[in-house]
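J.: Have a look at the structure that comes next, please.
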Protein chains: 2
Amino acid sequence: MEIVIIGSGNVATHLAKALRANNITISQIYSRSLESAQNLANIIGSDFTNSVSKISRKADIYFYAITDDALLSIIESIDIPNAIHVHTAGSVDMEIFKNHVNYYGVFYPLQTFSRTKELHFKDVPILIEASDIVTENQLFKIANTVSENCLKANSTQRKQIHLAAVFVCNFTNYMYTVGADLAENSSLSFDILKPLIAETANKINFLTPKDAQTGPATRNDKKIINEHLIMLETEPELQKLYLEISDQIYKMKK
Amino acid sequence: MEIVIIGSGNVATHLAKALRANNITISQIYSRSLESAQNLANIIGSDFTNSVSKISRKADIYFYAITDDALLSIIESIDIPNAIHVHTAGSVDMEIFKNHVNYYGVFYPLQTFSRTKELHFKDVPILIEASDIVTENQLFKIANTVSENCLKANSTQRKQIHLAAVFVCNFTNYMYTVGADLAENSSLSFDILKPLIAETANKINFLTPKDAQTGPATRNDKKIINEHLIMLETEPELQKLYLEISDQIYKMKK
């Protein structure tokens, strides 16, 4: 089995390394940036190109790990209808492939990938969707090789999980940036918040997030909430967010 | 050295257990609820009472681990001016003790405590403030016994860190509750979001939260943002939050 990876960004990099580490051959990396294609190709020992016309036509599976906006035009320009074509996006419908190739699917690794941050790919949930049962089996075979956490999800479910991921990952990380700024404004290191961040994430393995909820909003402690709003007076947008999230927490606990 | 703990809630419970585990004698637990005082006293092998007049007068240090609102009235009713009195609150000024006792301070464990969730107290940062250097040394001596992460912080710094903690812990946990609801609405288990939650928290040990930020708002991906807003149409408050946090993330990355 031969694989081509279209893309060389965060997802492409982590996926390519995970496949390679499990002895799955990647024959080629394509990227618009030759340098970026070459960098990734060097890591995994594959061929590379930045020209669509030079993409290998012999592969069994083409993985598209590129930005959502770039997907359609590149699908249209690669004309290899009888291979399997899959994208790795959380929010793009599988049917984007429909009129272009015969076998297609989605291989969505539900994780936050930054290029320089290594992670344990075996734990990454992979959500699989496919045009037909043969393709589905093929995708599960690959997915099960790189991860211990593979499951079937249709496009609606996957989009909903992607939305959930924005809340638990992107918005959570934004809360960390606010915390870091506030700590540094008071001449304390962000480091002292790290045990709290770790425990907050760890707790939900033992309690539901609803049961794990603590803090002034949970207790409807108006005195502290008002003090905090005053402390945020120079940052009206943060002040507004503080109030709105506190309201939501209070409603949820009630 | 003898210690009395006023309170039997989450903080009191974790603190009492940590002190006990490090062979510091707790002579008595006070709580308005006799049952709650007794439960904690049984765990750590101490005396207990629910009557202020029966609080031991012989202790060296009195820890007040109770709600902020209850603090002042109980400080006023305990008349033992020459012992050390400390509270464990993030947002209460140290000077609350000023006109009532001679030696006082703050012993703030920066962590989210739920009674049933065990944790490694040695990692919990303890922020110390004291009325005088002798009291400060005494508090550091105890703090260093239970934690490897003790530091001095004045009331202004502590309040700021408490505000930061609301963002990185309470608001983050709220994001988890939203994620859990969204996952379950699409018939998927919240469990599949847990590796993402763990990695999001883990990443900031390697990257600044600003560098770790990923997701549609970071890329200003209006197509996905709009799809997500449509998916949240039945929950206008969440929709509003989604938009506001996305705006903040985009501004931050720009």
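The values are calculated or read from the model by the stated rules, or taken from the named source; none is laboratory data. If you're wondering where the values come from, they're calculated on a predicted model, not measured in any experiment. In this analysis, Cβ positions are derived from the backbone assuming ideal geometry, glycine residues included, and neighbour counts consider all displayed protein chains. Just the protein is used for accessible areas: all its heavy atoms, side chains included, with ligands, DNA and RNA removed. Shrake-Rupley method; radii C 1.70, N 1.55, O 1.52, S 1.80 Å.
J.: Which distances, shortest first and in nm, link A:His120 to the matching position in the other copies, using label points set 7 Å out along Cα to C-beta?
T.: Listed shortest first, these distances are 1.4 nm.
J.: Divide the volume of the convex hull of the Cα atoms of the range B:159-253 by its number of residues and quote the answer in cubic angstrom per residue. Can you show the working numbers first?
T.: Working: hull volume 10.7 nm³, N = 95.
Hull volume normalised by residue count: 113 Å³.
J.: Using alpha carbon centroids, what distance separates the range A:128-154 and the range B:130-164, in Å?
T.: 53
J.: Here's a follow-up. Using a Gaussian network model on chain B with a 10 Å cutoff between Cα atoms, which of B:His87, B:His162, B:His120 fluctuates the most?
T.: B:His120
J.: Further, regarding this structure: Taking the Cα-to-Cβ direction at A:Ile133 and at B:Asn50 and moving 7 Å from each Cα, how far apart do the two end points lie in nm?
T.: For the pair A:Ile133/B:Asn50, the computed spacing is 6.5 nm.
J.: Could you identify the residue of B sitting closest to the B-A rotation axis by Cβ and state that distance rounded to whole angstrom?
T.: B:Ala201, 2
J.: Which entries in the list A:Lys54/A:Lys152; A:Lys152/B:Lys222; A:Lys210/B:Lys210; A:Lys152/A:Lys254 go over 30 Å, if you measure between the two C-alpha atoms of each? Show your work: numbers first, answer last.
T.: Numbers: A:Lys54/A:Lys152 33 Å; A:Lys152/B:Lys222 27 Å; A:Lys210/B:Lys210 27 Å; A:Lys152/A:Lys254 35 Å.
Beyond 30 Å: A:Lys54/A:Lys152; A:Lys152/A:Lys254.
J.: Treat each spin label as a single point 7 Å out from the Cα along the C-beta direction, and report the A:Ile230 to A:Lys122 distance in nm.
T.: 5.4
J.: Peptide A:108-115: average number of partner chain Cβ atoms within 10 Å per residue?
T.: Working: counts 0, 2, 5, 6, 11, 3, 8, 0.
That average works out to 4.
J.: Then there's this: Separation of the range A:189-231 and the range B:40-118 by C-alpha centroid, Å?
T.: If you average the Cα positions of each part, the centres end up 21 Å apart.
J.: Farthest toward the dipole's positive end in the range B:88-236, which of B:Leu182, B:Ile161, B:Asn144, given Cβ charges of +1 (Lys, Arg) and -1 (Asp, Glu) about the Cα centre?
T.: B:Asn144
J.: Need one number: nm distance between label points at A:Ile80 and A:Thr145, each 7 Å from Cα along Cα→Cβ, rounded to one decimal.
T.: Here the answer is 1.5 nm between the modelled labels.
J.: For chains B and A, what's the summed buried accessible area, probe 1.4 Å, to the nearest 100 square angstrom?
T.: Values: alone 14850 and 14830 Å², together 21270 Å².
Accessible area lost upon association: around 8400 Å².
J.: Going by a ≥ b ≥ c, the root eigenvalues of the Cα gyration tensor, does the protein assembly as shown fall in the rounded group (a/c under 1.5), the prolate group (a/b larger than b/c) or the oblate group?
T.: Details: a/c = 2.64, a/b = 2.49, b/c = 1.06.
It is prolate, given that a/c is not under 1.5 and a/b is the larger ratio.
J.: With +1 on the Cβ of every Lys and Arg and -1 on the Cβ of every Asp and Glu, and nothing else charged, how large is the dipole of the range A:1-74 about its Cα centre, in debye rounded to the nearest 20?
T.: Working: 6 positive and 6 negative charges, 33 e Å.
The dipole magnitude comes to about 160 debye.
J.: Let me see the P(r) profile for the range A:3-153: every Cα-Cα distance counted, bins of 10 Å, each bin given as a percent of all pairs.
T.: 12, 46, 37, 5
J.: Can you give the mean number of other chain Cβ atoms that lie within 10 Å of the Cβ atoms in peptide B:146-155? Display every interim value, and only then the final one.
T.: Details: counts 0, 1, 0, 4, 0, 3, 0, 4, 1, 0.
Mean number of neighbouring Cβ atoms from other chains: 1.
J.: Grab the Cα-Cα distance for A:Thr156 and A:Leu72, subtract it from 0.36 nm times how many residues apart they are, and report the gain in nm with one decimal.
T.: Values: separation 84, 0.36 × 84 = 30.24 nm, distance 1.92 nm.
Going from the current span to full extension adds 28.3 nm.
J.: Taking loop as defined by DSSP and a crowding limit of 16 other beta carbons within 10 Å, which trypsin sites (Lys or Arg not before Pro) in the range A:91-146 fit? It would help to have the intermediate numbers written out before the result.
T.: Values: sites: A:Lys98, A:Arg115, A:Lys117, A:Lys122, A:Lys141; in loops: A:Lys98, A:Arg115, A:Lys117.
Qualifying residues, ordered by number: A:Lys98, A:Arg115.
J.: Summarise the partner chain shielding of A:134-144 as one whole number: the mean count of Cβ atoms from other chains within 10 Å of each residue's Cβ.
T.: On the way: counts 0, 0, 0, 0, 0, 0, 0, 0, 0, 0, 0.
Average neighbour count from other chains, rounded to a whole number: 0.
J.: Given charges of +1 on the Cβ of Lys and Arg and -1 on the Cβ of Asp and Glu, with all other atoms neutral, how large is the dipole of the range A:159-253 about its Cα centre, in debye to the nearest 20?
T.: Values: 10 positive and 12 negative charges, 108 e Å.
Around 520 debye, computed over the range A:159-253.
J.: Counting only residues 5 or more places away or on other chains, whose amide H sits under 5 Å from the amide H of A:Asp47 once H atoms are built in the peptide plane?
T.: A:Gln28, A:Ile29
J.: GNM on chain A, C-alpha springs below 10 Å: top fluctuator among A:Gln239, A:Gln111, A:Gln160?
T.: A:Gln239
J.: Which whole-number value in Å³ per residue fits the convex hull of the alpha carbons of chain A? Don't skip to the answer; put the middle values down first.
T.: Working: hull volume 41.0 nm³, N = 254.
Once divided by residue count, the hull of chain A is 161 Å³.
J.: Top mean-square fluctuation among B:Thr49, B:Thr218, B:Thr177, Gaussian network model of chain B, C-alpha springs under 10 Å?
T.: Evaluated over chain B, the most mobile residue of the options is B:Thr218.
J.: Shortest first and in nm to one decimal, what separations exist between B:Asn205 and its copies in the other chains, measuring from label points 7 Å along the Cα-to-beta-carbon line?
T.: Relative to the other copies, B:Asn205 has label-point distances of 1.1 nm.
J.: Within the range B:1-71, which trypsin sites (Lys or Arg not before Pro) sit in a loop by DSSP and count at most 12 neighbouring Cβ atoms inside 10 Å? Write out the running numbers ahead of the final one.
T.: Details: sites: B:Lys17, B:Arg20, B:Arg32, B:Lys54, B:Arg57, B:Lys58; in loops: B:Arg32, B:Arg57, B:Lys58.
In loop regions of the range B:1-71 (DSSP not H, G, I, E or B), the sparsely surrounded trypsin sites (Lys or Arg not before Pro) are B:Arg57, B:Lys58.
J.: Quickly estimate the mean residue ellipticity at 222 nm for chain B, helices only: each DSSP H run with n ≥ 4 gives -39500 (n - 2.57), and the total goes over all residues, rounded to 500.
T.: Values: 10 runs with 114 residues, N = 254.
Value at 222 nm, helices only, nearest 500: -13500 deg cm²/dmol.
J.: Related question: Given Cβ point charges of +1 (Lys, Arg) and -1 (Asp, Glu) and nothing else, what value in debye, to the nearest 20, does the dipole of chain B about its Cα centre take? Display every interim value, and only then the final one.
T.: On the way: 24 positive and 28 negative charges, 102 e Å.
So the magnitude is around 480 debye.
J.: Can you send over the solvent-accessible area of B:Glu2, 1.4 Å probe, protein chains only, in Å² to the nearest 10?
T.: 60
J.: Under 16 Å from the Cα of A:Lys117, which aspartates and glutamates turn up, not counting those fewer than eight places away in the same chain?
T.: Straight-line reach from A:Lys117, under 16 Å: B:Glu199, B:Asp211.
J.: Across the range B:108-113, in residue order, what do the Karplus-derived ³J(HN,Hα) couplings come to in whole Hz, using 6.51 cos²θ - 1.76 cosθ + 1.60 with θ = phi - 60° and x for Gly and Pro?
T.: 9, x, 7, 7, 9, 10
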